[in-house]
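All remarks here apply to the structure that follows.
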Amino acid sequence: MTFATRLKEEICSNKVKRLEALAEIQSIIRYDADLKDNAIQVSFENGKVARRVYEDLKSIFNISPHIIIRTQKRMRYRTIYILEIKEEYKTILNRLNIIDKDGNLLPMRRNNLSSPSEMASFIRGAFLSVGSINDPSKSGYHLEFVFESEVDALFVSNLLHEMNFNSKVTKRKEKYMVYLKSSEEISDMIRMFESPESLFYFEDIRIYRDHKNMVNRLNNCDIANEEKTITTGKKQLEEIEYLKDNDLLDLLDDKTKYIVELRCKYPEDSYQELADKLEEEYSIKVSKSFVNHHFIKMRDLIRRHKEIDKRNE
């Protein structure tokens, strides 16, 4: 069972109030129903979602939709549940603000949703019908809704923005996708769906991945620092060779000479490690900035010597 399936089934296990159920059904029928001349047909691959919609339709409109079950074996085996509504179907569509009294299709309007709970229920219905979510343990963070028209996609995206979700809209072939990529926002949406088991699973994976990414960044930082230390040590050895070749070592003070000796003995040590060695071998307690200061003095001596050589040419 996929994570999306588990989440939808957990959503369907929750009881909702009448107005919230009405907003949920409005979204499902608007975005996923086949509106025929004499009936409404809504198809589901998930039996629990089909049952949820069936029970809500029966409770709110006092009707019993006809249930059709079909089995498809093409590509993969799956069962399709179809709810067919013939009884008072135009009255139902009119009550859901999908058609007007003359039977004309109406666009969705924001004022059809009068409270935050109805807005959340409308989004929940869209997720149950045309939504999906990636399993965070297998791929990146991604939650999406897929619509037939750009108008529907923009309405849902604007509604999400009003609810503080930073959704994006893109076209995929002939359809329009509204999606979230932020793990924090996806977590907030699962919380809005009141699905604690799915939320705990998602958060566990998110914490694990965040920790793993932090460890990788620290490891990369350590590797970069180590490479920098090796490069610095190699350059300083070349500078020490210059001092030797030009008989300049005796011009250094004693502490700088100690540090030069340590660098020759420990070419890959960091400044902190050289400072520790200075304390161990010469009983001189210093900081890594002290070590750096004496390498600067060494470079200054080399620079002055090169300047004198250049003037004497």
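The values are calculated or read from the model by the stated rules, or taken from the named source; none is laboratory data. The structure presented is a predicted model; accordingly, all values stated were derived computationally and were not measured. Note that we place each Cβ from the backbone using ideal geometry, even for glycine, and neighbour counts take in every protein chain shown.
List of remarks:
- Any strands (runs of 3 or more DSSP E) falling wholly within region 1-94 and containing at least 3 residues that are touching a Ser or Thr at 6+ places or on another chain (Cβ under 7 Å) and within 27 Å of ILE133 (Cα to Cα): 78-85
- Checking each residue in region 214-270 for being in contact with a helix residue (DSSP H, G or I) (Cβ under 7 Å, 6 or more places away or on another chain), in a helix (DSSP H, G or I) and farther than 24 Å from TYR282 by Cα picks out only TYR242.
- Evaluation of ASN104 against (1) closer than 30 Å to GLU162 by Cβ; (2) touching a residue at least 40 places away in the same chain (Cβ under 8 Å) (one fails), failing number: (2)
- Cross-chain or 6+ apart pairs with Cβ under 6 Å, region 173-184 first and without any contact (Cβ under 8 Å) to a residue 40 or more places away in the chain, then surrounded by fewer than 14 Cβ atoms within 10 Å (Cβ to Cβ) and part of a helix (DSSP H, G or I): TYR176/GLU150
- Qualifying residue in region 261-276 (condition: farther than 20 Å from GLU227 by Cα, more than 50 Å from the chain's Cα centre (by Cα) and exposed (fewer than 14 other Cβ atoms within 10 Å of the Cβ)): no
- Scan of region 185-202 for residues that are among the aliphatic types (A, V, I, L, M) and in contact (Cβ under 8 Å) with a residue 40 or more places away in the chain, ordered by number: ILE186, MET189, ILE190, MET192
- Residue among VAL151, VAL156 that alone is outside the structural domain of CYS264 (by TED's automatic domain parsing), within 26 Å of ALA33 (Cβ to Cβ) and touching a strand residue (DSSP E or B) at 6+ places or on another chain (Cβ under 6 Å): VAL156
- All positions within region 277-313 that are of a type outside the set (Lys, Arg), in a helix (DSSP H, G or I) and over 51 Å from the mean Cα position of the chain (by Cα): GLU281, TYR282, LEU301, ILE302, HIS305, GLU307, ILE308, ASP309, ASN312
- Test: residue in region 203-211 that is exposed (fewer than 12 other Cβ atoms within 10 Å of the Cβ), assigned by TED's automatic domain parsing to the domain that holds VAL16 and of a type outside the set (Val, Ile, Thr): no
Residue-wise test of (1) out of contact with any Lys or Arg (no Cβ under 6 Å at 6 or more places or on another chain); (2) free of Cβ contacts under 8 Å to residues at least 12 places away in the same chain.
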{"site": "LEU19", "(1), (2)": "yes, no"}
{"site": "GLN26", "(1), (2)": "yes, no"}
{"site": "ILE29", "(1), (2)": "yes, no"}
{"site": "ALA33", "(1), (2)": "yes, yes"}
{"site": "ILE40", "(1), (2)": "yes, no"}
{"site": "ILE63", "(1), (2)": "yes, no"}
{"site": "GLN72", "(1), (2)": "no, yes"}
